[in-house]
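**Student:** Next up is a structure, given as structure tokens.
Throughout, read-outs are computed from the coordinates displayed, never taken from laboratory work. Since the model is a prediction, treat every value here as computed from it, not as a measurement. Glycine also receives a Cβ, built like all others from the backbone with ideal geometry; neighbour counts cover every protein chain displayed.
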Amino acid sequence: MAERLEDLYAELHAPIFRFLAALTGDPDAADELTQETFLQAILALPRFRRESSSTTWLYAIARNVNRKHMAKGRRPRPDEPPTTPAATPAEVIEAREERHRLARALATLPEAYREALVLREYQGLSYAQVGQVLGRSETWARVTCFRARQMLREAYLQLEGGQSRWK
């Protein structure tokens, strides 16, 4: 079983970290929460009934770890995600500002919407997997992601001053 846990860690460490980083907006907190997620997975392994995939199970653990973190009064911090170099300094600045606005807009979404959207759009999970992780149906995941996209767009537009780059 130790080899299996090592495989699971190697495969899912980075996606779980990205999921938690998107939810918290804080890479340091995401790193700590990722470690806590894998610790909780090791402790819960004897109770894992294999009714879902190990990926879905681990995302659900990460979600619960984050919820406990948030219950302690911590809120998402709209930090900037890492930048990728663009052609000119002006493009780099513009891209950084846009990513920052997007992170701030994402942080304003209610928790369930933010979780569903991050799992679907940033982590690439299917709607069925999103529903499993969040303990809901696939239909709920589809509707919630749709509404979350709308809410994110509105929040982004408010931060951008009413102009949309997505039309």
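**Student:** Measuring from a point 7 Å past the Cα of N64 along Cα-to-C-beta, which residues in region 119-142 have an amide N at less than 19 Å?
**Tutor:** 119, 129-137
**Student:** A follow-up question, please. In region 2-60, what trypsin sites (Lys or Arg not before Pro) fall in a loop by DSSP, with at most 11 other Cβ atoms inside 10 Å?
**Tutor:** R49, R50
**Student:** Mind telling me which of L12, L43, L23 comes out most flexible in a GNM of the chain, alpha-carbon contacts under 10 Å?
**Tutor:** Fluctuation is largest for L43.
**Student:** I'm checking a number: the convex hull volume of the Cα atoms of region 89-160, normalised per residue, in Å³. What is it?
**Tutor:** 75
**Student:** Angle, helix 89-108 long axis vs. longest principal axis of the chain, Cα atoms, 0 to 90°, nearest 10?
**Tutor:** Long axis of 89-108 versus the principal axis of the chain: about 60 degrees.
**Student:** Taking the Cα atoms only, what angle lies between the long axis of helix 27-44 and the longest principal axis of the chain, rounded to 10 degrees?
**Tutor:** The helix 27-44 is inclined about 20 degrees to the chain.
**Student:** Something else about it: Please give, to one decimal in nm, the separation of the simple spin-label points placed at E51 and E111, each 7 Å out from Cα toward the Cβ.
**Tutor:** 2.2
**Student:** Here's another thing I want to ask about it. Summarise the long-distance tail of P(r) for the chain by giving the % of C-alpha pairs beyond 22 Å.
**Tutor:** That tail contains 47 percent of the Cα-Cα pairs.
**Student:** Anyone know which of V143, V133, V65 comes out most mobile in the 10 Å Cα GNM of the chain?
**Tutor:** V143
**Student:** Using the Cα centre of region 89-160 as the reference point, and only Cβ charges (+1 on K/R, -1 on D/E), how large is the resulting charge dipole? Debye, rounded to the nearest 20.
**Tutor:** The dipole magnitude comes to about 240 debye.
**Student:** Quick one: helix 54-71 against the long Cα principal axis of the chain, what's the angle to the nearest 10°, folded into 0 to 90?
**Tutor:** 60
**Student:** May I pose another question? Would you mind counting up the charge near E91? Only other residues with Cβ under 12 Å from its Cβ, with Lys and Arg at +1 and Asp and Glu at -1.
**Tutor:** Here the count lands on -2.
**Student:** Based on other C-beta atoms within 10 Å, arrange I61, I16 from fewest to most.
**Tutor:** The fewest-first ordering by Cβ neighbours comes to I61, I16.
**Student:** Kindly provide the Kirkwood hydrodynamic radius of region 2-71 in Å, to one decimal, from all pairs of distinct alpha carbon atoms.
**Tutor:** With all distinct Cα pairs of region 2-71 included, I get 12.1 Å.
**Student:** May I ask which residue of Q129, L106, A148 lies farthest towards the positive end of the charge dipole of region 86-162, with charges of +1 (Lys, Arg) and -1 (Asp, Glu) on Cβ and the Cα centre as origin?
**Tutor:** Result: Q129.
**Student:** Then there is this: With springs only between Cα atoms under 10 Å apart, run a GNM on the chain and tell me which of L58, L45, L157 wobbles the most.
**Tutor:** Largest GNM mean-square fluctuation: L45.
**Student:** Need one number: nm distance between label points at E6 and E94, each 7 Å from Cα along Cα→Cβ, rounded to one decimal.
**Tutor:** 4.9
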